[in-house]
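A.B. asks: Sharing a structure here in structure tokens format.
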Amino acid sequence: MTEQSKLYESLYFEGFNIGFATEKIINKQAHNNWDAIVVYKTEYVTSGELKALQNYLDAGGTVIVDKQESLSKNEYGNLHSKKLLASKGNLIYANDISLLEFKKLTMSQIKDERIVTLTESNGTDWKGCVWKVVKKSDKEGYIMTIVNLGKNTAELEINLKNGNSINATNMLNGNYLGN
């Protein structure tokens, strides 16, 4: 988990739903629930996990792997006799790129259907605010939650991709916030 935490954290602050894909999750959940499965610094996987990833690829899924060594050995350290094959899906190997480049590659494979975006400035090179947006079901508009997990105060700007103006209201106190 230590190796994956840097990538997970960098994606966590982008406003997308992310999680972990275990063998059971890959086998039991509908594959169209995910835009991609990302494999980062994961050299050891069971044969069952490798087969689940192959089934996901066979169904048209996208798997992004950080380097050729990932997914290469079983839980006992023995080399797998089979490798992933692209088949109907999209298998992307990203050899020798930085974490930032790997994140950009991952983001390029995600269908970004969000209409609301958040820009953060907190005096550091990394983001500290976690945010999610859901469309209201009963009327027009969206509900957005933003939690600053960083140690610095953050200046935030909310925008709509379609260019329409924002009428943001703090739901705790009713104050108008602008964008």
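A.B. asks: All but one of (1) open to solvent by 70 Å² or more (accessible area, probe 1.4 Å); (2) touching a residue at least 60 places away in the same chain (Cβ under 8 Å); (3) on the phi > 0 side of the Ramachandran plot hold for K41; which doesn't?
C.D. replies: Every condition holds for K41 apart from (2).
A.B. asks: From the residues in region 131-158 that are among the hydrophobic types (A, V, I, L, M, F, W, C) and without any contact (Cβ under 8 Å) to a residue 24 or more places away in the chain, which one is farthest from T119 (Cα to Cα)? Quick ask: steps written out before the conclusion?
C.D. replies: Of region 131-158, the ones among the hydrophobic types (A, V, I, L, M, F, W, C) are 131, 133-134, 143-144, 146-147, 149, 154, 156, 158.
Those still in the list that are without any contact (Cβ under 8 Å) to a residue 24 or more places away in the chain too: 134, 147, 149.
Working: V134: 17, V147: 14, L149: 15 Å.
Filtering first and then ranking leaves V134.
A.B. asks: If a residue has to be surrounded by 14 or more Cβ atoms within 10 Å (Cβ to Cβ), free of Cβ contacts under 8 Å to residues at least 60 places away in the same chain and under 18 Å from N90 (Cβ atoms) to count, how many in region 10-38 make the cut?
C.D. replies: 5
A.B. asks: Can you report the number of residues in region 128-156 which are charged (D, E, K, R), closer than 26 Å to K6 by Cβ and open to solvent by 80 Å² or more (accessible area, probe 1.4 Å)? Break it down stepwise before answering.
C.D. replies: Residues of region 128-156 that are charged (D, E, K, R), as a first pass: 132, 135-136, 138-140, 151, 155.
Checking which are closer than 26 Å to K6 by Cβ leaves us with 132, 151, 155.
Keeping just the survivors that are open to solvent by 80 Å² or more (accessible area, probe 1.4 Å) gives 151, 155.
Qualifying residue count, region 128-156: 2.
A.B. asks: While we're here: Go through region 1-39 and count every residue that is over 28 Å from L156 (Cβ atoms) and of a type in the set (S, T, Y).
C.D. replies: Result for region 1-39: 2.
A.B. asks: So for region 55-65 (the condition being open to solvent by 40 Å² or more (accessible area, probe 1.4 Å), touching a residue at least 24 places away in the same chain (Cβ under 8 Å) and not in a helix (DSSP H, G or I)), does at least one residue qualify? Even if it seems obvious, please write down each step before you answer.
C.D. replies: So in region 55-65, the residues open to solvent by 40 Å² or more (accessible area, probe 1.4 Å) come out as 55, 58-60.
Of the ones still in play, those that are also touching a residue at least 24 places away in the same chain (Cβ under 8 Å) are 55, 58-60.
Filter once more, keeping what is not in a helix (DSSP H, G or I): 59-60.
Yes, region 55-65 has at least one match.
A.B. asks: Quick check: is even one residue across region 75-85 touching a residue at least 40 places away in the same chain (Cβ under 8 Å) and farther than 17 Å from N17 by Cα?
C.D. replies: Taking region 75-85 as the starting set, the residues that turn out to be touching a residue at least 40 places away in the same chain (Cβ under 8 Å) are none.
No, the conditions are met nowhere in region 75-85.
A.B. asks: If K51 satisfies every condition in (1) out of contact with any Phe, Trp or Tyr (no Cβ under 6 Å at 6 or more places or on another chain); (2) assigned to a helix (DSSP H, G or I); (3) more than 16 Å from L84 (Cβ to Cβ) but one, which is the exception?
C.D. replies: (3)
A.B. asks: Next up: Please list, ordered by residue number, the strands (runs of 3 or more DSSP E) wholly in region 80-179 having 1 or more residues that are touching a Leu at 6+ places or on another chain (Cβ under 8 Å) and within 30 Å of A52 (Cα to Cα). Lay out the reasoning, then the answer.
C.D. replies: Details: elements: 90-93, 116-121, 129-135, 142-148, 155-160, 176-178.
The qualifying strands (runs of 3 or more DSSP E) are 90-93.
A.B. asks: Going by what's in this entry, would L71 be described as within 22 Å of K24 (Cβ to Cβ), open to solvent by less than 60 Å² (accessible area, probe 1.4 Å), assigned to a loop (DSSP other than H, G, I, E, B) and not basic (K, R)?
C.D. replies: On the way: within 22 Å of K24 (Cβ to Cβ): yes; open to solvent by less than 60 Å² (accessible area, probe 1.4 Å): yes; assigned to a loop (DSSP other than H, G, I, E, B): yes; not basic (K, R): yes.
Yes; evaluated as a whole, the condition is true for this residue.
A.B. asks: Let me ask you something else. Taking the options N95, N122, name whichever one is without any contact (Cβ under 8 Å) to a residue 40 or more places away in the chain, open to solvent by less than 40 Å² (accessible area, probe 1.4 Å), under 20 Å from S10 (Cα atoms) and of a type in the set (S, T, N, Q). Show your work before the answer.
C.D. replies: On the way: N95 fails: open to solvent by less than 40 Å² (accessible area, probe 1.4 Å).
After applying the criteria, what remains is N122.
A.B. asks: M107 is checked against (1) open to solvent by 60 Å² or more (accessible area, probe 1.4 Å); (2) under 17 Å from the mean Cα position of the chain (by Cα); (3) in contact (Cβ under 8 Å) with a residue 12 or more places away in the chain and fails just one. What number does that condition carry?
C.D. replies: Failing condition for M107: (1).
The values are calculated or read from the model by the stated rules, or taken from the named source; none is laboratory data. Keep in mind that this is a model prediction, so the values were computed, not measured. Here Cβ is always computed from backbone atoms with ideal geometry, including for glycine, and neighbour counts include all displayed protein chains. Each accessible area value is taken on the protein alone, full model and side chains, heavy atoms only, with ligands, DNA and RNA left out. Shrake-Rupley method; radii C 1.70, N 1.55, O 1.52, S 1.80 Å.
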